[in-house]
Amino acid sequence: MKIRYLVIIFFVLSAAMQSCVVMSPKKHKALLAERDSLAARTTTLEDQVAKLMADTTKIRQELGALKANYTSLNSNYNASSSKVTQLSSDLQKREARLKEVEEILRKRDEATNALKEKLQKALLGFQQSGLTVDIRNGKVYVSLTDKLLFPSGSIVIDDKGKLALKQLAAVLNKEPDINIAVEGHTDDKKIKNLGQIKDNWDLSVLRATSVTRYLTETENVDPHRLTATGKGEFQPIDPAQTPEALSKNRRIEIVLSPKLDELYNLISK
């Protein structure tokens, strides 16, 4: 409005100057000066308007960019929020599964401790003869020295050994959810004059299968529950070379572990 007003005054003055046929030089000069001043001010205002229009265009562009950025950020936020929700849900499921696993392991430990107590009571009379019952890695280990089960260098179970295995089988037959591994172990002394038994591998395997066969065929332990293995001389209890250490290493270990099908199924989900 101000520019338009100045322009109108400028043209009015120009018209007035043109319409004046007789005018004093002084007045004419003053009118010319005022016209030039108005013209200069008009140009300055036009420049300012142009600058304002350019600034307005720039601000509109920046506003458009901000709106686009806001849209992108909002979209990212929604995606992140959805991901956080999904992760939170997954975490809750994992925590619930962890609690189930912990509960199963707690029950396993309770069952293992109870089994150990039963075996210790049932085999109490043999503990002075080299039988031990302990828990390792959630499993019950019944360890019987070779002198409790076999004559020297033999794979045939003697009467005392059969009696110990009979007491053991009585407990195992009442615990059908227990897996049984029979492991034969020897010392590291080379075998001499044992006929077809070539080395400690043979001796450890054959003694393990003798115990397994007695438990299944004589004491009616379900054979599907048993595994027989020979460890030879390679898992000694005592690495010393004393007679006591060598005697400890010559042993049958019956490893009892609760069936954990429920746990395996849960972990594999």
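Are any of the residues in the range 237-251 within 17 Å of Lys139 (Cβ to Cβ) and in contact with a Ser or Thr (Cβ under 9 Å, 6 or more places away or on another chain)? Looking through the range 237-251, at least one residue is within 17 Å of Lys139 (Cβ to Cβ) and in contact with a Ser or Thr (Cβ under 9 Å, 6 or more places away or on another chain). The residue list Thr57, Thr71 contains one member that is over 30 Å from Gly138 (Cβ atoms), of a type in the set (Val, Ile, Thr), modelled with pLDDT of 85 or more and surrounded by 10 or more Cβ atoms within 10 Å (Cβ to Cβ), which is Thr57.
Restricting Leu98, Leu91, Leu119 to residues that are open to solvent by less than 100 Å² (accessible area, probe 1.4 Å) and modelled with pLDDT of 85 or more narrows the list to Leu119. Does the range 127-135 contain at least one residue that is open to solvent by less than 50 Å² (accessible area, probe 1.4 Å) and part of a helix (DSSP H, G or I)? Yes, the range 127-135 contains a residue that is open to solvent by less than 50 Å² (accessible area, probe 1.4 Å) and part of a helix (DSSP H, G or I).
Checking each residue in the range 140-152 for being in contact (Cβ under 8 Å) with a residue 12 or more places away in the chain and open to solvent by less than 80 Å² (accessible area, probe 1.4 Å) picks out Val140, Tyr141, Val142, Ser143, Leu144, Thr145, Asp146, Leu148, Leu149, Phe150. Filtering the range 231-251 to residues that are closer than 10 Å to Gly184 by Cα and small (Gly, Ala, Ser) leaves only Gly232.
Taken as a whole, the structure places Ile155 among residues that are in contact with a helix residue (DSSP H, G or I) (Cβ under 7 Å, 6 or more places away or on another chain), part of a loop (DSSP other than H, G, I, E, B), surrounded by 15 or more Cβ atoms within 10 Å (Cβ to Cβ) and aliphatic (A, V, I, L, M). Are any of the residues in the range 214-221 open to solvent by less than 80 Å² (accessible area, probe 1.4 Å), modelled with pLDDT of 95 or more and assigned to a loop (DSSP other than H, G, I, E, B)? Yes, the range 214-221 has at least one match. Only one entry in Asn179, Asn173 is out of contact with any strand residue (DSSP E or B) (no Cβ under 9 Å at 6 or more places or on another chain), closer than 17 Å to Pro223 by Cβ and of a type in the set (S, T, N, Q), namely Asn173.
Considering every residue within the range 223-239, establish whether at least one is part of a helix (DSSP H, G or I) and within 23 Å of Asn113 (Cβ to Cβ).
Checked against the condition, which is being part of a helix (DSSP H, G or I) and within 23 Å of Asn113 (Cβ to Cβ), the range 223-239 yields at least one hit.
For first residues located in the range 95-111 and more than 20 Å from Asp177 (Cβ to Cβ), partners that are surrounded by 13 or more Cβ atoms within 10 Å (Cβ to Cβ) and lie 6+ apart or on another chain with Cβ distances below 7 Å form the pairs Arg97/Leu266. Annotation note: Cβ proximity below 8 Å between a residue of the range 172-196 that is touching a residue at least 24 places away in the same chain (Cβ under 8 Å) and of a type in the set (A, V, I, L, M) and a residue that is surrounded by 10 or more Cβ atoms within 10 Å (Cβ to Cβ) and in a loop (DSSP other than H, G, I, E, B) (sequence gap 6+ or interchain) occurs for Leu172/Val221; Ile178/Lys259; Ile180/Val221; Ile191/Gly153; Ile191/Ile197; Ile191/Lys198; Ile191/Asp199; Leu194/Gly153.
The values are calculated or read from the model by the stated rules, or taken from the named source; none is laboratory data. Given the structure is predicted, the values throughout are model-derived calculations rather than measurements. For neighbour counting, all protein chains shown are included, and Cβ atoms are generated from backbone atoms with ideal geometry for every residue, glycine included. Surface areas here come from the heavy atoms of the whole protein model, side chains and all, with no ligands, DNA or RNA. Shrake-Rupley method; radii C 1.70, N 1.55, O 1.52, S 1.80 Å.
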